[in-house]
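Reviewing the structure listed below.
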Amino acid sequence: MSHLASNITDTGEGLTKGSLVWVRSSSSVSWQAGELRGLEGSTAQVWLKATGVVATFEASAVLPANPTIQEAIPDLTHLSYLNEPGILCNLGRRYAEDAIYTFAGPVLIALNPCKALPLYTTEVANTYKAGARDVVQAASLAPHIYLVAANAFRRMAREHASQSLIVNGESGAGKTETTKKAMQYFATLAGGTGVEGQVLETNPILEAFGNAKTLRNHNSSRFGKLIQIHFNSSLHICGACIKTYLLEKSRVVKQLPGERSYHIFYQLVRGASPSMRAALGLPTHPRSFAFLAASGCTDIEGVDDAAEFQAVCEALGDVGIDSQLQASLFQLLAGVLWLGNLQFEADPTDLGNDATLLVEDTASQAVCGLLGVSHASLSAALTQRRIVTPSEVVTKLLNEEESKDCRDALAKALYAAAFDWIVSRINLKLDTGKKGSGLSISILDIYGFEQFTTNSFEQLCINYANERLQQQFTRHLFGLEQQEYEMEGIDWTKVEFVDNQECVDAVEQVPPRGLGVLSVLDAQCRFPKATDATFLTTLKMLAWAAAAAVRVQEALSGHTRFSVSSRTPREFTILHYAGSVSYDSEGFLDKNKDTLNADLVELLVGADVSVSPLVPSLGRALKEEAEANIRRGGQTVGSRFAQQLRDLVQDLDTTGLHFVRCIKPNAALKPGKGSNLISSRCSSPSHWEQ
C-alpha cells in the first residue's frame with residue numbers, strides 16, 4: 001500500500017546503508033540523487049551521484065528514493081514513497097517520454113507539452129470510448145483527459161446524475177487546451193445529433209473574444225467559463241449552455257508591456273477583406289491604434305491572425321451569428337479601436353479652467369460614423385457630466401484626464417456588452433429546449449493563479465477564485481472522502497490536511513463574522529470622498545487591530561494571511577495557498593464600482609439604428625443592467641463576483657466531481673524542458689555506478 005514518506009528522523013522508513021535516497025541542502029531548491037552511506041545522530045553521510053563525493057547532510061534533508069521498478073509509473077499513488085522528489089522524478093521521467101498525463105489517485109495531472117502530440121486522433125478517441133461504457137476496460141487504459149471524460153460519462157449514465165470536470169492550474173498550464181480536448185472527446189463519444197459540431201465551434205469564438213497574450217501565456221483566458229454539455233434520454237449531446245465569469249475589461253484599453261489586448265482586435269485588423277477594411281476605416285497594422293500600440297506587442301510567434309479571423313467568422317456563422325450580424329459586430333469593434341485614438345484640447349471659451357473639447361479629426365469622424373452618433377453628442381458625453389440633485393441638474397465640465405477616463409470607460413463597456421451579447425447568442429442557438437434529459441457534464445475552465453510585478457484588482461479576483469476552487473478540491477478529496485469512510489465504518493488512518501478557509505475569509509468575509517478585503521473595499525466605495533489611499537489606510541488599521549488582538553471580531557479576517565508593509569505604501573499582501581502576492585491598491589475603487597456615466601449610456605441608446613443596429617441594442621442592455629443593479633442595492637464587481645463563486649461551488653457540489661490539475665513545465669513554455677518540474681540534478685537514481 002502507498003504511504004506518505006516522512007524524513008528519516010521520524011521513522012527511518014527502513015533506510016539502511018546502501019539505500020537510495022534524495023537529499024537537499026539548506027541553500028538549494030533542487031533535490032540530488034544519492035546513496036546513504038551512514039547515519040550519525042542527526043546527520044547522514046550520502047554519496048552524491050552528480051559529483052561522486054560523499055557529503056554530510058542534516059538527516060531531515062534526506063528522503064528515501066523509490067525502487068527502479070517504479071520508474072515512470074502512471075499513478076503516483078502506487079509509488080512506495082510519495083514524497084516531493086519522488087513525485088517530481090516520476091513526472092519528469094514521464095514528461096521526457098511525452099507521457100504528459102499521470103494519475104494521482106482520482107486526480108489527473110496534465111503537463112503542458114508546449115507542442116503538438118499525436119494523442120488526440122480519432123483512433124485514440126475510439127480506444128477510450130470503451131472506457132465510457134465499461135469500468136473494467138477503463139481501468140486498463142493509460143492516463144488521458146479522454147479517460148477522465150469517459151469516467152464522467154460512465155458515472156452520469158450509471159448513476160443518472162450530472163457530472164463536472166474541474167480543470168485548474170496556473171496561467172500557461174494548458175487549461176484551455178485540456179478543456180477543448182475534453183469537449184472533442186464528448187463530441188466523438190456522444191455525437192450524432194449535429195449539435196456537437198456547434199458546441200465545438202464555441203471554442204474559437206470564445207478564445208478570440210476572451211483570450212489574450214500575457215507575459216506568462218500566449219493564449220491566456222481573461223475570463224472564467226463553465227460549459228454545460230446537455231444530453232438527451234439516449235445520452236447523445238442535445239445542447240449546451242455557457243456561463244462566464246468576470247471578463248478583464250481593463251485589457252481593452254491598457255496592457256502591460258509585452259502583452260496584447262484580445263485576439264479579435266488583431267484578427268480583425270489583419271484579416272478584414274478589402275471591402276470591410278474600407279467600410280470600417282481599418283489601417284493595415286494594429287500599431288495604428290493607440291489601444292493596441294502602447295504595450296509594444298502586436299504579434300504572437302507562429303500565429304496567423306488573418307487566418308484565425310476567417311476561422312472565427314466561420315464559427316460565428318455556425319452558431320447562428322450570420323454575416324449581417326457579424327458586420328454589425330465588427331463595426332462596433334472598429335469603433336472601440338478608434339475610440340482609443342480620440343484627442344482632446346482645451347476649451348478656449350473656458351478661460352482659467354481645465355474644460356476640454358473633443359478634437360474633430362479622422363478618429364472622431366470614424367467613431368461617429370461607426371457607432372452612429374453625432375460629433376456634438378459624443379463630445380458632450382465625453383467632456384461633460386450631468387449631476388442630478390433633488391433640486392436641479394448640474395453640468396460638470398471635465399478636464400483632459402477625466403475625458404480620457406470617460407473614453408476608456410465607454411470602450412470597456414461597449415466591448416464587455418458585445419462579449420455578453422455573443423455568449424447570449426451562442427446559448428440561444430445551443431438551447432436544448434425540451435430535448436434535454438436533465439443530465440449534463442460541465443467543464444470548468446477558469447483563470448489560473450497569477451502573480452506579476454504589479455498585481456491589481458483583477459489579480460485579486462482571479463486568485464480569490466483559485467482559493468475558492470482549491471478549497472473545494474481539498475475538502476472533496478480529503479474531508480468528504482474521510483467522512484464517507486467514517487459513515488461506512490472503514491478502518492483507515494485519518495489524513496490531516498490544510499484547509500484554506502482563513503485565506504478565503506481574508507478576502508471575502510462579511511460582517512458580523514468579520515471583514516475581508518472585498519468587504520472593506522465595498523464599504524469604501526459607498527463613501528463619496530473615499531479614495532484608494534483611504535481604502536489602504538483602512539486595511540492597515542484593521543490589520544494592526546487584528547495583530548494587537550484589539551476588537552478581533554471586527555478586525556480583518558484571517559489576519560495571519562494578510563499584511564501591509566510601510567516600505568510599499570500602496571500595497572497590501574495576502575498569503576495564498578500558492579504563495580504570497582502583493583497587490584497595488586491603485587485603481588481598486590474605480591474597478592470595483594465599474595460605473596458607467598449615465599450620459600454615456602444615453603449616448604449609446606440614442607445611436608442611429610440605421611447606421612449601427614447593435615450599438616443602441618447594447619446601450620439598452622447596459623441601461624437595464626444599471627437600473628437592475630440599483631434595485632439590488634448597487635452591487636459592486638467584487639461582491640457580485642464573490643456571489644457568483646459561491647453559487648458556482650454550490651452548483652458543482654451537487655454533481656460528481658472530476659479534477660484535472662494542469663502544470664506548466666517551464667516559464668518560457670518551451671517543449672522538452674521540464675525545469676519547473678525537476679532539475680537536471682534530480683534525475684532517476686536507477687542504474688547507478690560508483
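The values are calculated or read from the model by the stated rules, or taken from the named source; none is laboratory data. Everything numeric here is computed off the predicted structure, so don't read it as measured data. When we count neighbours, we look across all protein chains shown, and the Cβ atoms used for this are built from the backbone with ideal geometry, even at glycine. Ligands, DNA and RNA are stripped out before the accessible areas are found, and what is left, the full protein with its side chains, is counted by its heavy atoms. Shrake-Rupley method; radii C 1.70, N 1.55, O 1.52, S 1.80 Å.
Pull up segment 28-37, narrow it to residues that are outside any loop (DSSP other than H, G, I, E, B) and among the hydrophobic types (A, V, I, L, M, F, W, C), then point me to the one that is surrounded by the fewest Cβ atoms within 10 Å (Cβ to Cβ). Steps first, answer last, please.
Filtering segment 28-37 for residues outside any loop (DSSP other than H, G, I, E, B) gives 32-37.
Narrowing further to those that are among the hydrophobic types (A, V, I, L, M, F, W, C): 33, 36.
On the way: Ala33: 23, Leu36: 21.
Only one residue tops the list, namely Leu36.
Looking only at segment 207-216, which residues are open to solvent by 10 Å² or more (accessible area, probe 1.4 Å) and touching a strand residue (DSSP E or B) at 6+ places or on another chain (Cβ under 9 Å)? Don't jump to the end; show me each part of the working.
Just the residues of segment 207-216 that are open to solvent by 10 Å² or more (accessible area, probe 1.4 Å), to begin with: 207, 213, 215-216.
Result: Glu207, Lys213.
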### Query
Does Glu201 fit the bill of being open to solvent by 10 Å² or more (accessible area, probe 1.4 Å) and within 13 Å of the chain's Cα centre (by Cα)?
no
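Where residues in segment 71-98 are hydrophobic (A, V, I, L, M, F, W, C) and without any contact (Cβ under 8 Å) to a residue 24 or more places away in the chain, which of them is farthest from Asn666 (Cα to Cα)?
Filtering segment 71-98 for residues hydrophobic (A, V, I, L, M, F, W, C) gives 72-73, 76, 79, 82, 87-89, 91, 96.
Now restrict to residues that are without any contact (Cβ under 8 Å) to a residue 24 or more places away in the chain: 73, 87.
Working: Ile73: 22, Ile87: 17 Å.
This residue is Ile73.
Consider His144 carefully, then state whether it is of a type outside the set (Phe, Trp, Tyr) and either touching a Leu at 6+ places or on another chain (Cβ under 6 Å) or open to solvent by 20 Å² or more (accessible area, probe 1.4 Å) (or both). Working first, answer last.
On the way: of a type outside the set (Phe, Trp, Tyr): yes; either touching a Leu at 6+ places or on another chain (Cβ under 6 Å) or open to solvent by 20 Å² or more (accessible area, probe 1.4 Å) (or both): no.
Taking the combined requirement at face value, the residue does not satisfy it.
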### Message
Scan segment 298-312 and tell me whether some residue there is free of Cβ contacts under 8 Å to residues at least 40 places away in the same chain, crowded, with 16+ Cβ neighbours inside 10 Å and touching a Leu at 6+ places or on another chain (Cβ under 8 Å).
### Response
yes
## Note on the structure
Filtering segment 358-393 for residues that are surrounded by fewer than 20 Cβ atoms within 10 Å (Cβ to Cβ), aliphatic (A, V, I, L, M) and closer than 30 Å to Leu329 by Cα leaves a count of 3
## Note on the structure
Only unsatisfied item for Tyr101, checking (1) within 29 Å of the chain's Cα centre (by Cα); (2) at pLDDT below 95; (3) among the hydroxyl-bearing types (Ser, Thr, Tyr), is (2)
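Let's see how each residue does on (1) polar (S, T, N, Q); (2) in a helix (DSSP H, G or I):
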position: Ile387; (1), (2): no, no
position: Asp405; (1), (2): no, yes
position: Ala409; (1), (2): no, yes
position: Ala416; (1), (2): no, yes
position: Ser424; (1), (2): yes, yes
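Among the listed residues Leu329, Leu342, Leu337, Leu316, identify the single one that is open to solvent by less than 20 Å² (accessible area, probe 1.4 Å) and in contact with a Phe, Trp or Tyr (Cβ under 7 Å, 6 or more places away or on another chain).
Working: Leu329 fails: in contact with a Phe, Trp or Tyr (Cβ under 7 Å, 6 or more places away or on another chain); Leu342 fails: in contact with a Phe, Trp or Tyr (Cβ under 7 Å, 6 or more places away or on another chain); Leu316 fails: in contact with a Phe, Trp or Tyr (Cβ under 7 Å, 6 or more places away or on another chain).
None of the other options fit; the residue is Leu337.
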### Message
Condition first: crowded, with 21+ Cβ neighbours inside 10 Å, modelled with pLDDT of 95 or more, within 26 Å of Gly131 (Cβ to Cβ) and touching a Cys at 6+ places or on another chain (Cβ under 7 Å). Can you find one or more residues in segment 176-184 that meet it?
### Response
yes
### Task
Go through the residues of segment 166-175 one by one and say whether even a single one is open to solvent by 10 Å² or more (accessible area, probe 1.4 Å) and in a helix (DSSP H, G or I).
yes
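Specify the residue that is nearest to Leu589 (Cα to Cα); the eligible residues are those in segment 437-476 that are open to solvent by less than 20 Å² (accessible area, probe 1.4 Å) and among the aromatic types (Phe, Trp, Tyr). So that I can check it myself, show each step before the final result.
To start, the set of residues in segment 437-476 that are open to solvent by less than 20 Å² (accessible area, probe 1.4 Å) comprises 439-448, 450, 455-457, 459-467, 469, 471-472, 474.
Of the ones still in play, those that are also among the aromatic types (Phe, Trp, Tyr) are 447, 457, 464.
Numbers: Tyr447: 22, Phe457: 9, Tyr464: 17 Å.
Applying the filter and picking the extreme gives Phe457.
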### Query
Of (1) open to solvent by 30 Å² or more (accessible area, probe 1.4 Å); (2) out of contact with any strand residue (DSSP E or B) (no Cβ under 9 Å at 6 or more places or on another chain), Ala150 satisfies all except one. Which?
(1)
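Looking at segment 134-165, which of the residues that are part of a loop (DSSP other than H, G, I, E, B) and either closer than 16 Å to Val124 by Cβ or out of contact with any Ser or Thr (no Cβ under 6 Å at 6 or more places or on another chain) (or both) is modelled with the lowest pLDDT? Steps first, answer last, please.
Of the residues in segment 134-165, the ones part of a loop (DSSP other than H, G, I, E, B) are 134, 140-144, 160-162.
If we keep only those that are either closer than 16 Å to Val124 by Cβ or out of contact with any Ser or Thr (no Cβ under 6 Å at 6 or more places or on another chain) (or both) as well, we get 134, 140-144, 160-161.
Working: Asp134: 83, Ser140: 90, Leu141: 94, Ala142: 95, Pro143: 97, His144: 97, His160: 96, Ala161: 97.
So the residue we want is Asp134.
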### Query
In segment 47-60, what count of residues is obtained for those that are modelled with pLDDT under 90 and open to solvent by less than 20 Å² (accessible area, probe 1.4 Å)?
1
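This table checks each residue for (1) touching an Asp or Glu at 6+ places or on another chain (Cβ under 9 Å); (2) assigned to a helix (DSSP H, G or I); (3) modelled with pLDDT under 90.
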| position | (1), (2), (3) |
| --- | --- |
| Val507 | yes, yes, no |
| Arg513 | yes, no, yes |
| Leu518 | yes, yes, no |
| Leu521 | no, yes, no |
| Lys529 | no, no, no |
| Leu536 | yes, yes, no |
| Leu542 | yes, yes, yes |
| Ala545 | yes, yes, yes |
| Gln553 | no, yes, yes |
### Enumeration of residues in segment 80-114 that are open to solvent by less than 10 Å² (accessible area, probe 1.4 Å), in contact with a helix residue (DSSP H, G or I) (Cβ under 9 Å, 6 or more places away or on another chain) and assigned to a helix (DSSP H, G or I)
Gly86, Asn90, Leu91
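For Pro64, are the conditions met, namely being under 23 Å from Ala667 (Cβ atoms) and crowded, with 17+ Cβ neighbours inside 10 Å?
Working: under 23 Å from Ala667 (Cβ atoms): no; crowded, with 17+ Cβ neighbours inside 10 Å: yes.
No: the conditions fail for Pro64.
Report yes if Lys254 is closer than 18 Å to Phe452 by Cβ and open to solvent by 50 Å² or more (accessible area, probe 1.4 Å), otherwise no. I'd like the intermediate steps shown before the answer.
Details: closer than 18 Å to Phe452 by Cβ: yes; open to solvent by 50 Å² or more (accessible area, probe 1.4 Å): yes.
Here the answer is yes, as Lys254 does meet what is asked.
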### Task
Check every one of the helices (runs of 4 or more DSSP H) wholly within segment 583-690 and list those with 1 or more residues that are modelled with pLDDT under 95 and among the small types (Gly, Ala, Ser).
598-605, 614-631, 637-653
